[in-house]
1. Taking amide hydrogens as modeled 1.01 Å from N in the peptide plane, which residues meet the under 5 Å criterion relative to Val107, leaving out close sequence neighbours?
2. Which of Gln33, Gln81, Gln129 moves the most in a Gaussian network model of the chain with Cα springs under 10 Å?
3. Provide the per-residue ³J(HN,Hα) series for the range 13-27, in order, calculated from phi with Karplus coefficients 6.51, -1.76, 1.60 and θ = phi - 60°, each as a whole number of Hz, with x at glycine and proline positions.
4. Can you list the equivalent-ellipsoid semi-axes of the chain, largest first and in whole Å, using the square root of 5 times each Cα gyration tensor eigenvalue?
5. Considering amide H positions built from the backbone, and no H for Pro or chain starts, which residues 5 or more places from Arg54, or on another chain, come under 5 Å of its amide H?
6. Would you pull out the residues with amide H under 5 Å of Cys39's amide H, same chain only if 5 or more places away, H placed 1.01 Å from N?
7. Given Cβ point charges of +1 (Lys, Arg) and -1 (Asp, Glu) and nothing else, what value in debye, to the nearest 20, does the dipole of the chain about its Cα centre take?
8. Roughly how far apart, in whole Å, are the Cα centres of the range 15-94 and the range 183-204?
Amino acid sequence: MPRVFIPAQFLNHEQVTLDRVASRHLVKVLRLQAGAEVCVFDGCGTEIEGHIVRASTAGVELALGQRHRVPMPLASITLLQSVPRGDRMDIIVQKTTELGVTRIVPVLSSRGMVKPPPGKTRRWRTIAQEAARQSGRADVPEVAEVTALDAALAGSAEAGGTRLVLWEEERALPLRRIFAQAPPLPVTLLVGPEGGFSQEEVASARAQGFRTVGLGPRILRVETAALVAIALTQAAVGGLD
């Protein structure tokens, strides 16, 4: 069944009109007509049964029916991701959303992108919404504003739980071993850019309660490292069962 994301504040009535982008997708791409059933999700864990009342590329009208709460991810996983150069952050947001990440914080670090161009955060939020729709999630992960590394570390310390920084020089403690011991939740993962973190940045993370962990003998690209870390975390807490 086709799925449509509509923010919760627009779902307080029995009918809702979609914007032009969503309307065009349903009418022109999927070729749906009046009477077709769709699934609406609000990004906060609720799905709503709906059907098309009027099909138009200018604005599809939906009638809303029964509402269902969908179980949220088993573990809260926050990804502190140093923003890499180019468009790799797009891939990271898309794929970690599919894997069930709860929150993504783009972080500025010494070896990453100096400052993303205007509009990037809005783009990443749109990518997260589309990835949630495609993957069947009823919730959409929060994509925070771009944050300096020190501020992100301090904020994660307040959240508690298990805090880990991926570091290519850590050979003694692999990420998988951490989860063999059932660490406390929530989980915060700090992933560096191309070239990794500097020694000073790793020291700052440790000072805020982060443990350095590795992902094995191979040096992974930044987008690969983020995906592997989220997947291993989800597997450990049952999020892939």
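1. Here the answer is Gln81, Ser82, Val83, Thr147, since their amide H atoms fall under 5 Å of that of Val107.
2. Answer for the Gaussian network model of the chain: Gln33.
3. Per-residue couplings from phi come out as 10, 7, 9, 8, 10, 7, 6, 5, 5, 5, 5, 5, 4, 5, 8 Hz.
4. Over the Cα atoms of the chain, the semi-axes work out to 37, 19, 14 Å.
5. Here Glu61 satisfy the definition.
6. When sequence neighbours closer than 5 places are left aside, the close amide H contacts are Arg3, Val4.
7. For this selection, approximately 440 debye.
8. If we compute the Cα centre of each part, the gap is 32 Å.
Every number here is computed from the coordinates shown, using simple stated rules; none is lab data. Owing to the predicted nature of the structure, the values given are computational and were not obtained by experimental measurement. A quick note on method: Cβ atoms are made from the backbone with ideal geometry, for glycine too, and the neighbour counts reach across all protein chains shown.
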